[in-house]
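The values are calculated or read from the model by the stated rules, or taken from the named source; none is laboratory data. Not measured: the values here are computed from a predicted model. FYI the Cβ positions are ideal-geometry reconstructions off the backbone, even for glycines, and counts take in every protein chain you see. Just the protein is used for accessible areas: all its heavy atoms, side chains included, with ligands, DNA and RNA removed. Shrake-Rupley method; radii C 1.70, N 1.55, O 1.52, S 1.80 Å.
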Amino acid sequence: MILIKCPYCGERDQSEFSNGGEAHVIRPKNPESLSDKDWGEYVFYRNNPKGIFYERWVHSHGCKKWFNAVRNTSTDQILKVYKVNEKRPDLSDFENTLKSPSGEPLVGSGNFAVKK
Amino acid sequence: MKKKYSIASILKNSFSDNENWGKMWRNPNPKKHYDVIIVGGGGHGLGTAYYLAKHHGIKNIAVIEKGWLGSGNTGRNTTIIRSNYLWDESAYLYDHAVKLWENLSEDLNYNMMFSQRGVLNLAHNEHDIKEIKRRVSANRLNGLDTMWLDKNEVKDLVPIMNTDNLRYPVLGAAYQPRGGVARHDAVAWGYAMRADELGVDIIQNCEVKGIKTDNYKVEGVETTKGFIKSSKIGVVASGHTSVLAATAGVRLPLQSRPLQALVSEPIKPVINTVVMSNAVHAYVSQSDKGELVIGAGTDGYNSFTQRGGYDVIEETVRAIVELYPIFGKMKMLRQWGGIVDICPDASPIISKCDVEGLYFNCGWGTGGFKATPGSANVFAHTIAKDEPHKINAPFALSRFSDGRLIDEHGAAAVAH
């Protein structure tokens, strides 16, 4: 169970929120010159990192406001919560806990098959 | 050494207290070079290696697994098998798998405990009825054995079900008698044993850290046991596929999420079929040991923690208890999660990509187990011939730019 600190209401249970997928995805500014492949990329492709992930949340059972968060998807630890109009924090502000791309972190993962 | 299992071998081994069965597969050190490397030692990956060796004459193959065989989603699913998908492409793919399942125990001489006990998909409202009847009709046109059952027929099949006195009453169901369950470990072990006999190296506890490419051509994989060269690499790593693809500079339209399941304490037989409900997010069957095997939905956010949130389980258990009031006081023994890779159209990707020699079999999302033999079979063809089999041709990556999506959200939903 994750606790999420809504920037407007404070800390609440994750079940009060809905996830909006990757944050900072910008609609192409030149739609007429885009190829099918580029459109496909914009519509269907989203980052899916194991580790630091920028994502959107909406406090659906609360203030109903959207905001952004930085979460480590390998531990579910929320590293930063910020409002939509605030600047995207730099990736170098956060420490990635993973030793290899598919490895397991020391805490947070339930994958006991490969946890040393 | 070919291992044959028979009544004679069981009798013979019983005289030595079953101490002398021997190892089912070797545990080799990786060679420097393989013709084909399969990344991921689950059912799909081991099956791919088996069919590559058996049907396509490729012998120098390695399967690389970061944990033990079947430690990922192969050992974490609820083992439901069916093929009642809406679109023609999916019906051919999933029924190809069901047909292989039907002979898999004989083919591998290993008991899959494949039990065709039937699968019910419940309808709880007017819209469900329309959607499910449409799917039943589509299935029948594709030669599948799906049928519509009304409420009384459902009640006859599953007498313990509460069909009337609940928030979303049961109004009918789709029923596929050829559907059922199988033993998930046996799939991984059976394929592993027979692939090993054909000379495939199964390398466990060895993590692939990256895929090395040069000028859009694969060169090999970097692993915890060193660099291994190969000109053909098949990635079948479910939830971690997009992470591995990224090391080769390939982007895939996948999102990884935890999907949970739980089992109860064992009880006497009470339910002899598989019952799924998309609307109330729950599916249940009873294992041969007597445990109820209950599947939940996916969490609402991307995550690689193989646990999942309790609120998802709560929702599922609430639906189960309402549908089957007699389960109300049962204790649950175990709960776990697996990381599933979900495609935007809820259909898999079995495809080549822009990098020469790199193949992906992924995006199975919440329902890959049922397809294991079929998926492995056509993926082996794709790797060996460097072109897709006609069954998996529609499941190419290109569908995300040419728009030929195979939208199976209705058939896949939460359930699998």
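Taking 16 Å as the straight-line reach from the Cα of B:LYS66, the lysines in range (excluding those fewer than 8 positions away in the same chain) are A:LYS50, A:LYS99, A:LYS115, A:LYS116, B:LYS209, B:LYS225.
With the cut-off at under 18 Å, measuring from each backbone N in segment B:84-126 to a point 7 Å along the Cα-to-Cβ line of B:MET330 picks out B:117-122.
Given +1 at the Cβ of Lys and Arg, -1 at the Cβ of Asp and Glu and no other charges, the dipole of segment A:3-93 around its Cα centre is 240 debye to the nearest 20.
Placing +1 at every Lys and Arg Cβ and -1 at every Asp and Glu Cβ, with all other atoms neutral, what dipole size does the protein assembly as shown have around its Cα centre, in debye to the nearest 20? Intermediate values should be presented prior to the final figure.
On the way: 65 positive and 58 negative charges, 165 e Å.
I would put it at about 800 debye.
Considering only C-alpha atoms, what is the centroid distance from segment B:11-37 to segment B:109-177, in Å? Computed from Cα coordinates, the inter-centre distance equals 42 Å.
Give me the net charge of B:PHE379's neighbourhood, meaning all other residues with Cβ under 14 Å from the Cβ of B:PHE379; Lys, Arg count +1, Asp, Glu -1. Please report the intermediate quantities before stating the final value.
Working: positive: B:LYS54, B:LYS232, B:LYS352, B:LYS385, B:LYS390; negative: B:ASP386, B:GLU387.
Residues close to B:PHE379 contribute a combined charge of +3.
The phi torsions of segment B:143-160, fed into the Karplus equation with coefficients 6.51, -1.76 and 1.60 and a -60° offset, translate into couplings of x, 8, 8, 7, 9, 8, 10, 7, 4, 5, 5, 5, 4, 5, 6, 10, x, 7 Hz, rounded to whole numbers, with Gly and Pro shown as x. Within segment B:193-302, list the trypsin sites (Lys or Arg not before Pro) lying in a DSSP loop whose Cβ has at most 11 other Cβ atoms in a 10 Å radius. Within segment B:193-302, the qualifying trypsin sites (Lys or Arg not before Pro) (loop, at most 11 other Cβ atoms within 10 Å) are B:LYS289. In the context of the full set of protein chains, the protein assembly as shown has a per residue accessible area of 44 Å² (1.4 Å probe). Does chain A come out rounded, prolate or oblate, given a ≥ b ≥ c as the square roots of the eigenvalues of its C-alpha gyration tensor, rounded meaning a/c under 1.5 and, failing that, prolate meaning a/b above b/c? Oblate. Surface burial for B against A, with a 1.4 Å probe and both sides summed, reaches about 3000 Å² of accessible area.
Could you work out how far the C-alpha centroid of segment B:345-416 sits from that of segment B:251-288, in angstrom? Computed from Cα coordinates, the inter-centre distance equals 23 Å. A Förster radius of 22 Å combined with the Cβ-Cβ distance from B:LYS59 to B:LYS390 puts the calculated FRET efficiency at roughly 0.30.
Report, ordered by chain and residue number, the aspartates and glutamates lying within cross-link reach of A:LYS83, taken as a straight Cα distance under 19 Å and ignoring same-chain residues fewer than 8 apart. Those aspartates and glutamates meeting the cut-off are A:GLU11, A:ASP13, A:GLU16, A:GLU22, A:GLU55, A:ASP93.
Once the Cβ-Cβ distance of B:HIS409 and B:SER137 is raised to the sixth power relative to R0 = 25 Å, the FRET efficiency obtained is 0.85.
Spin-label model, A:SER92/B:ASN27: points 7 Å from Cα along the beta carbon direction are separated by 4.5 nm.
Would you mind classifying the protein assembly as shown by shape? Square roots of the alpha carbon gyration tensor eigenvalues, ordered a ≥ b ≥ c; an a/c under 1.5 is rounded, otherwise it is prolate if a/b is larger than b/c and oblate if not.
Numbers: a/c = 1.43, a/b = 1.03, b/c = 1.38.
Rounded, because the longest to shortest axis ratio a/c is under 1.5.
Please pull out the direction-averaged projected area of chain B, using the convex hull of its alpha-carbon atoms, in nm² to one decimal place.
About 20.2 nm², averaged over all directions.
Please identify the cysteines of the protein assembly as shown that lack any partner cysteine with a Cβ under 4.7 Å from their own Cβ. By the Cβ distance rule, which asks for a partner under 4.7 Å, the isolated cysteines are A:CYS63, B:CYS206, B:CYS343, B:CYS353, B:CYS362.
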